[in-house]
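Before any comments, here is the structure.
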Amino acid sequence: MVNNNEIWLDKPAGNWNEAFPIGNGRLGAMIFGGIASERLQLNEDTLWSGEPMKPGDPAKCKALPAIQQLIFAGKYAEAAEECKKLQGPYTQSYLPLGDIKLTFRHEGDVSGYRRTLNIGDATAEVAYSAGSIQFTRTLVASAPDNAIVIRIAASKPGSISFTASLTSPLRSQTAPLSASRVRLTGRAPRHLEPNYSKREPASVYDDAPDGEGVRFCAILDAIVRGGSVSSTGEDLAIESADEVILTLTAATSFNGFDKSPGREGKDELALATGAADAVRSRSFDAVLRDHIADYRRYFDRVSVEFGTPSDTRALPTDKRLDRLRDGAEDIDLEALYFQFGRYLLISSSRPGTVAANLQGIWNEDTRPAWSSNFTININTQMNYWHSETTNLADLTGPLFDLIDALQVTGHDAARAYYNAGGWCAGHNADIWGLANPVGAGVGDPCWANWQMGGAWLVQHLWEHYEFGRDAEFLKKRAYPAIKGVAEFLLDALVAAPTGHLEICPSTSPENKFAYTAADGSQVICPVTTTTTMDRALIREVFGNTIKGARILGVDDDLVARIESVLPKLPPFEIGNEGQLREWPANLDEQDLGHRHISHLYAHHPASLITRTKTPELAAAVRTSLDRRIANGGGYTGWSRAWVINQYARLGEAEKAHDSIVALLAHSTYPSLLDVHPPFQIDGNFGGPAGMAEMLLQSHDGFIELLPALPSAWKSGKANGLRARGGVEVSQTWKDGKLSDAILSASVDGEVTVKYGAITTTLLLNRGQSATLDGKLARR
């Protein structure tokens, strides 16, 4: 039976989206798999345009009182226009490093082509025959060796001849350093407009010796066995070799969000050269061995099977997707997709690297879609939804590093734009920690003037604590950040004519409502008082602040202040069709199939609304979700992934599974990368998160086994998933029924376990495991 950890195609990539991604958290490559001409598109995770943020204009917040008064008077359109006065600069962009191009000399017809990405050991391979000679390229992005390494082999000695070039679409130059080494150096723009901006100049370079803009260096090295290697101008030429090892190392001058990359930057030349010299001294077999061991210490923590192994594994992945679109079932492909999401996080987010952005670490465009930035009104958060549940919690550090930076810049943004304490962040962020509302005075407030990015991000800090119960992490990292957002919200709330304390202006990310203006016309608008999503975020932040303060025994005065505010907040509302309202009661939805389902945040990823504790509100969530899907919602990859998670939380197994099939059939490239369109990585992460929610839930105060098991996953197993409370869970099931479960504790505590109508309570000490049968009896 073919390995179910392989994505494979029988042809080279026709475009970037069909290439295979490899990465070590810092360096990434997209492998096209060409025959006569191979392209490896390269990225380095700190190569962004821009420079450290400048302080916000303190006069910005003077526009806020007038905006609030217009909203309170029902003049929403006028308020929306005034909101543009609260906008600051756009984020900077994540940029491509360059390309390796290999031009081969082959003789004879090509046959037996296969391009493979093995996500079980994070290796890629391109194999084919030219005439009677078999050629194989093996590629890895090694974290231990901090390099991308390629082995080119042939079945006949002396058969490998090609040229290798290293270029960049940014301002750069390539020069030979020796007969077997070339070096690429350059600098990113000091400023780059987003791809949707029409402002000129679109890019600004600073060419002074110590000018701003991130400097970069990449080194391509060749080691040949048999034959020869020489540098021909900017290229390397390999003649009649038996085997060739190519290594790519790279570094930039980026030295932190608050450091000038020109004047205070790292020495990118020394870093790239040191890595190149170190990996050159090692054999490919040693590099491969250490790479696989390093990768598998993450990947092997979780294994899943959703049914009996299928013959479809023998088909190229694009053909499997075609069958799925035609209505065939492929449960193995669903399991492969689950593990691919874990592969991508391991490859794009490692301790000490930058957080995974809209495209992880893979981007070929010099003005990428949405700047390939951190879009923090859903997308960045979704990138990490599966980190805790699928046992990759130690890969969340880069996200927390981003939050650390945003606390600093967000402190300034809170004062400059909202005249508030604490810290906040808006709709977008970047490597420099941009926290202000973006839009540059021309952005649509439906996305530009959302101020709750920090409130959503700190949920991940609380969840990390809940899953691991690390009191030091809560004390030193999570609680201070959550507290800072709570302080911002307390200052930002204003007394409204409704009798409630409101966030104003408030939006529901990227969506708009309809209302009747004073002249009787219908108007579409994005800004009002506290939307349902903001109501959820405020309550969640306040609730977690209270819980954290009480655990740590601190901030009694802050807790008392929050408790005095809670009764004055606007409640969740149910509409006349039984739906959870997205907007205040006098405002109507105008896009029933909108891709965002922000008003359901309280249900997922938060747990303010649950089936057991708030059944009436949960029913309203179900009605809202069904309405969204019936009207065409879930049409982007990430949006459909969020739907999976919502239905899983509702216990709607079949609807959740239908959305998995829809995600694969309609929002997945042949490489299994996610379609927005264009490519965005969030759906690749959110889909597996939803699948994990179908198998295990722990958000409602207990661990629920197989809470949304679909009929398609009739028999199977899921080993190594994590639940809140420091518990790892492995389960097997047969004919749709639980066979057994093993719960292993990493901390001392009492654990309540639920399966169907059966509930049991266990007392587990750290390092202790308990095995339960299908009726939750302890074995």
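At-a-glance table
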item: Single residue of the stretch 498-509 satisfying the filter (at pLDDT 95 or above and either part of a helix (DSSP H, G or I) or surrounded by fewer than 20 Cβ atoms within 10 Å (Cβ to Cβ) (or both)) that is farthest from the chain's Cα centre (by Cα); result: GLY499
item: Hey, TYR343 touching a residue at least 24 places away in the same chain (Cβ under 8 Å) and touching a Lys or Arg at 6+ places or on another chain (Cβ under 9 Å) or not; result: no
item: Given (1) assigned to a strand (DSSP E or B); (2) more than 29 Å from ASP332 (Cβ to Cβ); (3) touching a residue at least 24 places away in the same chain (Cβ under 8 Å); (4) β-branched (Val, Ile, Thr), number of the condition ILE742 does not satisfy; result: (2)
item: Answer residue from the stretch 574-601, given it is farther than 12 Å from ARG627 by Cβ and open to solvent by 50 Å² or more (accessible area, probe 1.4 Å) and is modelled with the lowest pLDDT among those; result: ASN586
item: Test: residue in the stretch 140-151 that is hydroxyl-bearing (Ser, Thr, Tyr), closer than 21 Å to GLU44 by Cα and surrounded by fewer than 22 Cβ atoms within 10 Å (Cβ to Cβ); result: no
item: Residue among GLY716, GLY690, GLY726 that alone is modelled with pLDDT of 95 or more and open to solvent by 10 Å² or more (accessible area, probe 1.4 Å); result: GLY716
item: The one condition in (1) open to solvent by 10 Å² or more (accessible area, probe 1.4 Å); (2) within 19 Å of LEU86 (Cβ to Cβ); (3) under 22 Å from the mean Cα position of the chain (by Cα) that ASP444 fails to fulfil; result: (3)
item: Test result for ASP556, among the acidic types (Asp, Glu) and open to solvent by 20 Å² or more (accessible area, probe 1.4 Å); result: yes
item: Selected residue (only one of ARG296, ARG342, ARG320 is open to solvent by 10 Å² or more (accessible area, probe 1.4 Å) and either over 19 Å from ASP10 (Cα atoms) or modelled with pLDDT of 95 or more (or both)); result: ARG296
item: Only one of SER310, SER253 that is under 30 Å from LEU664 (Cβ atoms), open to solvent by less than 60 Å² (accessible area, probe 1.4 Å), among the hydroxyl-bearing types (Ser, Thr, Tyr) and in contact with a helix residue (DSSP H, G or I) (Cβ under 8 Å, 6 or more places away or on another chain); result: SER310
item: Filter result for the condition that a residue is open to solvent by 70 Å² or more (accessible area, probe 1.4 Å) and assigned to a strand (DSSP E or B), over THR761, THR771; result: THR761
item: Subset tally (residues that are within 15 Å of MET382 (Cβ to Cβ) and surrounded by fewer than 19 Cβ atoms within 10 Å (Cβ to Cβ)) for the stretch 602-616; result: 0
item: Some residue of the stretch 405-412 being more than 25 Å from ILE7 (Cα to Cα) and in contact with a Cys (Cβ under 8 Å, 6 or more places away or on another chain); result: yes
item: Candidates LEU40, LEU86, filtered to the one that is open to solvent by less than 20 Å² (accessible area, probe 1.4 Å) and in contact with a helix residue (DSSP H, G or I) (Cβ under 6 Å, 6 or more places away or on another chain); result: LEU86
item: Test: residue in the stretch 602-614 that is under 28 Å from THR516 (Cα atoms) and either at pLDDT below 95 or touching a helix residue (DSSP H, G or I) at 6+ places or on another chain (Cβ under 6 Å) (or both); result: no
item: Verdict on GLY112 being open to solvent by less than 60 Å² (accessible area, probe 1.4 Å) and of a type in the set (Gly, Ala, Ser); result: no
item: Count of the stretch 197-218 residues which are farther than 18 Å from SER260 by Cβ, surrounded by fewer than 21 Cβ atoms within 10 Å (Cβ to Cβ) and in contact (Cβ under 8 Å) with a residue 40 or more places away in the chain; result: 4
item: Residue among LYS476, LYS483 that alone is open to solvent by 10 Å² or more (accessible area, probe 1.4 Å) and either without any contact (Cβ under 8 Å) to a residue 60 or more places away in the chain or closer than 20 Å to TYR601 by Cα (or both); result: LYS476
item: Residue within the stretch 454-467 that is in a loop (DSSP other than H, G, I, E, B) and more than 20 Å from the chain's Cα centre (by Cα) present; result: no
item: Residues of the stretch 403-421 satisfying the condition of being surrounded by fewer than 23 Cβ atoms within 10 Å (Cβ to Cβ) and either in contact with a strand residue (DSSP E or B) (Cβ under 7 Å, 6 or more places away or on another chain) or part of a loop (DSSP other than H, G, I, E, B) (or both); result: ASN419, ALA420, GLY421
item: Which numbered condition ASP300 fails, given (1) without any contact (Cβ under 8 Å) to a residue 24 or more places away in the chain; (2) more than 30 Å from TRP713 (Cα to Cα); (3) not polar (S, T, N, Q); result: (2)
item: Filter result (outside any strand (DSSP E or B), closer than 26 Å to LEU569 by Cα and in contact with a strand residue (DSSP E or B) (Cβ under 6 Å, 6 or more places away or on another chain)) within the stretch 513-540; result: THR529, THR530, THR531, ASP534, LEU537
item: Spans of strands (runs of 3 or more DSSP E) in the stretch 1-73 with at least 3 residues polar (S, T, N, Q) and under 28 Å from PRO189 (Cα atoms); result: none
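Matching residues to (1) modelled with pLDDT of 95 or more; (2) closer than 15 Å to ARG215 by Cα; (3) among the hydrophobic types (A, V, I, L, M, F, W, C):
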| position | (1), (2), (3) |
| --- | --- |
| GLY265 | yes, yes, no |
| LEU269 | yes, yes, yes |
| THR273 | yes, yes, no |
| ALA286 | yes, no, yes |
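The values are calculated or read from the model by the stated rules, or taken from the named source; none is laboratory data. Predicted, not measured: the structure shown is a model, and the values here were computed from it. A quick note on method: Cβ atoms are made from the backbone with ideal geometry, for glycine too, and the neighbour counts reach across all protein chains shown. Areas reflect the complete protein model, heavy atoms only, side chains present, ligands, DNA and RNA absent. Shrake-Rupley method; radii C 1.70, N 1.55, O 1.52, S 1.80 Å.
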